[in-house]
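J.: Shown below is the structure under consideration.
The values are calculated or read from the model by the stated rules, or taken from the named source; none is laboratory data. Computed from a predicted model, the values in this text were never measured in an experiment. Ideal geometry is used to build each Cβ from the backbone, glycine not excepted, and the neighbour counts take in all protein chains shown.
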Amino acid sequence: MLTLAGWLTGSTSLQSFGVTGFPAWPLTALANLLLAMALLLTGRGYPQLRLPLIGFAVAIALIALTEAIFDLPLGFDRLLFAHALDNNSPYPGRPGLLACSLILIIAGAAWLLERHRRHEWPIFLLACVLIGLGSMALVLLALQGDLVAQAARLTITSLPIALATICYGAGLLASIRLWEVRTRAQWARVPIAMALVALVILPAVQLPIQIRVEQLGLMGPLAAQTFATVFHLLVVIGLIGWSIGQLSRDNNAISEMTRALRESEERLRFAIEAHELGIFEWDLVKGRLSWSMGGEQRLGLAPGTTIGLETWKHYIDPKDLRELRTTIAEAADSKADRFSFHYHLHLPEGTRAVEGSARCFYNRDGRFVRAIGVDLDVTDRDVREAALEAGRAQLQSILETVPDAMVIIDDQGRITEFSVAAEHLLGYPAKDAIHCDISMLIPAIKAGEQNSFLARYRNDDISREVGQSRTLSARKADGSEFPIELSVGESWIGGKHVFTGFIRDISDRVAAEERMEQLNADYAHIARLNGMGEMAAALAHELNQPLAATGNYLGIAEQTLLQTGGDAGAIEALDSANTQLLRAGEIIRRLRDFMAKRDVEFHVEDLEEIVRDAIALAFVGQVQVRTVCDIAHEARTIIVDRVQVQQVLVNVLRNAAQAVRELPPERRVIRLTAETADRALMRVTVEDTGPGFPDEVLANLHTPFVPSKDRGMGIGLSISRRIVESHGGALVAHNAAGGGAIISFTLPVYRDEGESAA
Amino acid sequence: MIRHFYIVDDDESVRKSLHGLVRLRTDTMIRSFSSADACLSAIDELEPGVILLDVQMPGISGMEALCEVVRHPTAFQVIMITGHANITMAVDAMRSGAFDFLEKPYDHRMLLQIIEKAYVRLENAVQDQAGAEIARARLASLSAREREVLAQLIDGRPNKLIAHELDLSTRTVEYYRANVMAKLGVRTLSEALRIAFAGGMLS
């Protein structure tokens with residue numbers, strides 16, 4: 001512009017920047033201006049506008065070149081400021097060869113600048129050429145004089161153009177990305193580039209100096225040449241050496257970096273393998289899905305199988321695909337950096353669960369074009385989670401359904417779980433009970449005792465405590481206490497020592513035990529009394545026989561004396577003896593009556609209850625026996641002394657149990673039937689599958705002191721018979737056709753119309 | 001007249017002592033049985049007499065034996081004795097037809113008295129039995145028609161009504177009536193009725 005202004009104003013200094021004889025021609029200046037504008041526009045972000053400008057400049061240069069090469073004066077030279085052009089130069093106004101070349105190079109560089117943005121090296125080379133030529137022209141201008149003629153006009157141009165050219169070169173060098181060192185690898189090209197620049201500039205500087213030295217006569221031409229060559233050589237060698245040094249250093253750096261990179265990749269691969277990560281890339285534009293090495297195998301596919309986008313779509317669970325699409329759409333809409341996913345692939349080898357996340361890449365229009373991500377086969381984890389969940393659900397269902405109240409406490413005695421049954425049993429809702437101390441429920445486990453209780457577990461006494469149960473009492477929410485059975489198990493859950501307590505309400509059992517004890521006590525009492533009574537009866541019977549015989553003999557003696565008129569004193573003595581004998585009989589009778597005079601009370605009773613109690617009493621400590629009861633409804637209600645009849649049943653059932661004890665368990669059967677016998681009586685028949693009564697027992701059924709040795713039935717059967725008879729019934733014993741023993745007895749039955757015979 | 005006395009007791013000393021006591025009356029024929037079974041198996045050949053029966057014995061009990069004895073056509077009087085008694089047993093025994101019930105030990109004099117009474121009862125029973133047998137024999141000699149007429153007479157019907165009932169003439173009824181009186185060996189109607197009663201026509 002300055003040059004053009006110089007032409008406009010006619011200022012020679014501006015035309016040539018003070019170097020007379022070598023002005024920058026207007027066309028050259030114009031072309032340079034155009035190119036400057038083109039570069040500026042490119043830099044400003046309007047690359048499309050530069051093309052006409054470049055084209056115009058190139059046209060100027062080409063026309064000038066055409067004129068110069070073919071020596072055709074087309075008059076083009078004088079298009080601008082023709083009046084101001086002097087005739088000092090052979091071709092006034094025509095851009096010189098160098099100028100034209102420079103214009104073309106700059107134009108090429110400007111064109112490349114945008115077209116091949118990424119290929120900096122051509123631009124770099126062009127810029128080097130520009131700097132080199134510009135420098136040479138500058139030096140030549142500085143030498144001026146006769147040298148110019150010798151150097152020919154080919155290699156010279158005006159000062160403004162030379163300066164501009166150097167500026168362009170420098171500008172281009174600065175503009176290209178060569179200097180943007182992002183990685184250590186890129187750093188290597190910096191010294192090379194710098195060396196090249198130096199090498200380009202070097203001849204341009206050296207040559208004029210050499211010529212100048214010759215001109216000044218400091219050295220002979222040969223010496224100057226040699227000196228220049230040596231200098232040149234030294235500089236070149238120096239530069240090459242320096243570059244090699246740089247490069248080798250960089251090479252080390254590069255190899256180190258490569259090694260680091262390889263290590264890093266190795267680590268990545270290791271990490272990928274360790275985590276079974278798969279890496280995938282999804283190109284949305286091309287609709288392509290590609291997986292990193294082994295990515296497919298990690299999904300359980302055979303090596304070599306590849307999953308393209310279509311296959312993948314085919315395998316993925318349709319519901320998951322819908323969800324995934326929604327996720328991706330949302331991510332794309334919000335320009336999210338990444339998205340994560342979890343889906344199932346229904347592969348031929350089985351269903352795999354996949355989880356992962358991906359980075360989203362958008363193009364300049366903001367369109368989602370690419371996604372790179374990692375995926376992880378989480379099938380096993382999902383299975384484990386499902387198993388954990390199932391375990392949890394199972395625990396929950398146990399808590400809900402376990403019939404015993406279940407309470408889990410930690411090692412501090414605090415409740416952590418409280419089952420539904422526990423809620424019912426203890427009256428606390430689970431939410432109230434949890435975190436409370438166990439002593440709230442079981443006061444017996446007081447703080448101190450509980451600690452020792454828990455401490456016992458901790459002191460390796462586990463085998464002794466676990467599995468055992470203790471009978472304690474528990475307190476309900478309403479404050480009432482009831483007997484419980486506590487069984488404790490221990491376990492470690494997540495590193496914590498926990499105790500699982502099963503609490504069973506044993507109120508019923510305790511009540512049943514108490515009732516059984518009462519029954520036993522009653523039975524034992526009555527049995528004892530009956531036994532004594534029976535002993536007395538037996539004693540009476542046995543004593544009465546000799547007494548009766550004695551009485552008879554006394555009678556014989558007395559009658560004989562009376563008939564023979566015997567001694568009165570003797571007769572009196574016999575009479576006294578008889579009196580004493582009758583007294584003895586009376587004593588025995590009174591004793592027996594006293595024994596018999598027990599609290600025998602007749603009440604309306606349910607035979608079934610009596611039988612049930614009797615069975616419970618009879619089979620304590622006996623072998624396992626199957627008892628079949630068949631009690632007719634009309635024979636159920638009887639008027640008896642409950643405890644006495646119970647004793648009869650116990651005697652009879654025990655006898656039957658004794659009879660069958662030698663048999664294999666499946667054949668031990670006792671059949672008890674109750675049926676109506678007549679209007680007033682019902683009959684109970686007890687039949688067993690044993691060998692039956694021995695003959696001597698049947699023969700001496702009524703004699704208390706004829707017990708069969710191994711069956712001990714003597715007194716028992718005798719007592720039973722007497723009890724039955726005292727109820728107005730009768731007891732008979734015989735053997736069944738099949739060999740088993742049968743004892744049947746009758747008892748008064750209760751009739752609604754009150755016609756019972758008690 | 002010889003008195004027949006039977007002792008049924010499983011205790012030998014009792015049997016022996018009783019034997020001695022009862023034998024003090026020399027006109028008594030005594031036979032002892034150690035069990036009711038033995039007694040019952042021989043009962044058909046026994047003469048009418050008094051039986052002293054123990055209640056508690058092996059085999060058939062005294063009470064069961066009592067029932068058998070009472071049902072037997074031969075006239076017996078049964079005195080039950082027992083080692084240990086109760087009221088129920090005594091009542092049962094008396095109901096079943098025992099003459100008396102004694103508990104050991106007893107006063108031998110009381111036993112002897114009871115035995116005497118039993119023989120008095122036995123005498124009556126034998127006489128009753130004899131009268132009944134005569135009556136039965138006389139009744140058996142009646143013809144079917146005569147029995148019908150007697151039955152009507154027992155019901156207290158006059159001759160006319162009997163004739164109407166049996167579709168006979170009054171004279172025929174009178175003829176049968178005379179025959180009945182002659183065959184029964186009686187002169188009055190009341191005597192005829194007594195024989196009919198003894199012979200078992202009225203029961």
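J.: Which residue, of A:Gly569, A:Gly533, is exposed (fewer than 12 other Cβ atoms within 10 Å of the Cβ), more than 8 Å from chain B (Cβ to nearest Cβ) and assigned to a helix (DSSP H, G or I)?
T.: On inspection, the qualifying residue turns out to be A:Gly569.
J.: Given the conditions (1) touching a residue at least 40 places away in the same chain (Cβ under 8 Å); (2) within 29 Å of B:Phe197 (Cα to Cα); (3) within 13 Å of chain A (Cβ to nearest Cβ), and given that B:Asp92 satisfies all but one, which numbered condition is not satisfied?
T.: The one condition B:Asp92 does not meet is (1).
J.: Taking region B:61-79 as the search range and keeping residues that are farther than 10 Å from B:Val8 by Cβ and within 14 Å of another protein chain (Cβ to nearest Cβ), which one is surrounded by the fewest Cβ atoms within 10 Å (Cβ to Cβ)?
T.: Looking at the filtered set, the residue picked out is B:Cys67.
J.: Which of the following residues is surrounded by fewer than 12 Cβ atoms within 10 Å (Cβ to Cβ), free of Cβ contacts under 8 Å to residues at least 24 places away in the same chain and facing chain B (nearest Cβ under 10 Å): A:Gln559, A:Gln545, A:Gln563?
T.: A:Gln563
Residues checked against (1) modelled with pLDDT under 80; (2) within 23 Å of B:Gly59 (Cα to Cα):
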{"site": "A:Ala674", "(1), (2)": "no, no"}
{"site": "A:Arg679", "(1), (2)": "no, no"}
{"site": "A:Met682", "(1), (2)": "no, no"}
{"site": "A:Ala699", "(1), (2)": "yes, yes"}
{"site": "A:Glu725", "(1), (2)": "no, yes"}
{"site": "A:Ala736", "(1), (2)": "no, yes"}
{"site": "A:Ile742", "(1), (2)": "no, yes"}
{"site": "A:Gly754", "(1), (2)": "yes, no"}
{"site": "A:Ala757", "(1), (2)": "yes, no"}
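J.: Can you go through B:Ala98, B:Ala151, B:Ala125 and tell me which one is part of a helix (DSSP H, G or I) and either more than 20 Å from the chain's Cα centre (by Cα) or closer than 30 Å to A:His541 by Cα (or both)?
T.: Of B:Ala98, B:Ala151, B:Ala125, the one residue that is part of a helix (DSSP H, G or I) and either more than 20 Å from the chain's Cα centre (by Cα) or closer than 30 Å to A:His541 by Cα (or both) is B:Ala151.
J.: Just one of the numbered conditions (1) within 10 Å of chain A (Cβ to nearest Cβ); (2) outside any helix (DSSP H, G or I); (3) among the charged types (D, E, K, R) is not true of B:Glu47; which one?
T.: Result: B:Glu47 passes all but (1).
J.: Does B:Leu142 satisfy being in a helix (DSSP H, G or I), under 30 Å from B:Arg71 (Cα atoms) and under 32 Å from the mean Cα position of the chain (by Cα)?
T.: Answer is no for this residue.
J.: Which residue out of B:Ile30, B:Ile2 is away from chain A (no Cβ under 13 Å) and either on the phi > 0 side of the Ramachandran plot or among the hydrophobic types (A, V, I, L, M, F, W, C) (or both)?
T.: B:Ile2
Quick grid of which residues meet (1) surrounded by fewer than 20 Cβ atoms within 10 Å (Cβ to Cβ); (2) within 14 Å of chain A (Cβ to nearest Cβ); (3) within 21 Å of B:Gly200 (Cβ to Cβ):
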| site | (1), (2), (3) |
| --- | --- |
| B:Lys104 | no, yes, no |
| B:Ile115 | no, yes, no |
| B:Ala151 | yes, no, yes |
| B:Gly156 | yes, no, yes |
| B:Glu165 | yes, no, no |
| B:Arg171 | yes, no, no |
| B:Met181 | yes, no, yes |
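J.: Same structure again: Among the residues of region A:362-393, which ones are over 15 Å from the mean Cα position of the chain (by Cα), of a type outside the set (Phe, Trp, Tyr) and not in a loop (DSSP other than H, G, I, E, B)?
T.: A:Val369, A:Arg370, A:Ala371, A:Ile372, A:Gly373, A:Val374, A:Asp375, A:Leu376
J.: Shifting gears a bit: Mind checking which residues of region B:42-54 are hydrophobic (A, V, I, L, M, F, W, C) and either surrounded by fewer than 24 Cβ atoms within 10 Å (Cβ to Cβ) or farther than 24 Å from A:Ala549 by Cα (or both)?
T.: B:Ala42, B:Ile43, B:Leu46
J.: Does B:Asp100 satisfy the condition of being among the charged types (D, E, K, R), under 30 Å from A:Pro546 (Cβ atoms) and within 14 Å of another protein chain (Cβ to nearest Cβ)?
T.: Criteria not met by B:Asp100.
J.: Taking the condition more than 11 Å from every other protein chain (Cβ to nearest Cβ) and surrounded by 14 or more Cβ atoms within 10 Å (Cβ to Cβ), does A:Ile588 pass?
T.: no
Residues are listed down the side, and each one gets a yes or a no for (1) away from every other protein chain (no Cβ under 14 Å); (2) without any contact (Cβ under 8 Å) to a residue 40 or more places away in the chain:
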{"position": "B:Met110", "(1), (2)": "no, yes"}
{"position": "B:Val120", "(1), (2)": "yes, yes"}
{"position": "B:Asp128", "(1), (2)": "yes, no"}
{"position": "B:Arg136", "(1), (2)": "yes, no"}
{"position": "B:Ser143", "(1), (2)": "yes, yes"}
{"position": "B:Glu148", "(1), (2)": "yes, yes"}
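J.: Please enumerate the residues belonging to region A:252-285 that are in contact with a helix residue (DSSP H, G or I) (Cβ under 7 Å, 6 or more places away or on another chain) and part of a helix (DSSP H, G or I).
T.: Result: A:Ala253, A:Ile254, A:Met257.
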